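Inspection log for the structure reproduced underneath, given as structure tokens.
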Amino acid sequence: MTADLIIRRATSADVPAIVTMLADDQLGTSRESLDDPTPYLKAFADIDADPNQLLVVAERNNETVGTLQLTIIPGLSRRGSCRGLIEAVRVAAPARGTGLGTTLIHWAIEESRNRGATLVQLTSDKSRTEAHRFYTNLGFEQSHEGFKLKLN
């Protein structure tokens with residue numbers, strides 16, 4: 001079901017569809033708002049201007065059905081290697097269960113490899129147990145504990 005799928009760099013015109021997918025989830029409903037696109041468009045401009053950031057959308061039949069953000073992080077550890085950080089993976093409700101999430105993750109792994117990364121990592125909220133099972137089935141290991149500090 002991926003033959004008609006296109007994964008491409010997002011444009012500012014994709015921001016409303018991306019935000020809709022971010023908001024359509026148990027965590028996103030409380031932290032995203034479709035009322036004012038201004039902060040999202042500013043964030044998109046910052047992401048798009050950074051060569052180590054890649055925000056992509058998946059399209060099928062001219063409809064946005066998925067998204068993720070890939071960050072390439074240069075580092076000194078691991079003998080000066082860089083790593084790929086996968087964030088904000090979302091699949092639109094009608095496309096869930098079709099294998100699109102797997103396709104997006106495999107795409108991000110390959111893109112990380114193409115950009116010289118020696119490791120791919122991601123974080124997932126502790127409440128997303130189904131997502132944890134999904135990532136484990138793709139070969140990811142729960143190797144670390146993550147910590148966050150809210151600044152606002």
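Since every read-out is calculated from the coordinates, none of them should be taken as a lab result. Please read these numbers as outputs of a predicted model, since none were measured by experiment. Please note: Cβ atoms are built from the backbone with ideal geometry, for glycine as well, and neighbour counts cover all protein chains shown.
Rounded to the nearest Hz, the phi-derived 3J(HN,Hα) couplings of the stretch 17-34 under the Karplus curve 6.51 cos²θ - 1.76 cosθ + 1.60 (θ = phi - 60°) are 5, 5, 5, 4, 5, 4, 7, 8, 6, 4, 8, x, 4, 8, 10, 10, 9, 8, where x marks glycine and proline.
Kirkwood radius, the chain, all distinct C-alpha pairs, inverse of mean reciprocal distance: 16.4 Å.
Length available on full extension from ASN152 to LYS126: 0.36 nm per residue minus the Cα-Cα distance, which gives 7.3 nm.
Take the alpha carbon atoms of the stretch 82-152, find their center, do the same for the stretch 1-41, and report the distance between the two centers in whole angstrom. Cα centroid to Cα centroid, the span is 17 Å. A DSSP coil position with no more than 12 other Cβ atoms inside 10 Å describes the following GluC sites (Glu not before Pro) in the stretch 94-152: GLU141, GLU145.
Kindly provide the helix-only [θ] at 222 nm of the chain, computed as the sum of -39,500 (n - 2.57) over DSSP H runs of four or more divided by all residues, to the nearest 500 deg cm²/dmol?
The helix-only estimate for the chain comes to -10000 deg cm²/dmol at 222 nm.
Projecting the Cα atoms of LEU85, LEU104, PRO37 onto the charge dipole of the chain, computed from C-beta unit charges around the Cα centre, puts LEU85 farthest toward the positive end. Less than 5 angstrom separates the built amide H of GLN121 from those of GLY84, LEU85, ILE86, all sequence-distant by 5 or more or on a different chain.
With a Förster radius of 30 Å, plug the Cβ-Cβ distance of GLU141 and THR98 into 1/(1 + (r/R0)^6) and report the FRET value to the nearest 0.05.
0.70
Nearest 20 debye, what's the magnitude of the dipole of the stretch 62-119 about its Cα centre given +1 on Lys and Arg Cβ and -1 on Asp and Glu Cβ? Around 280 debye, computed over the stretch 62-119.
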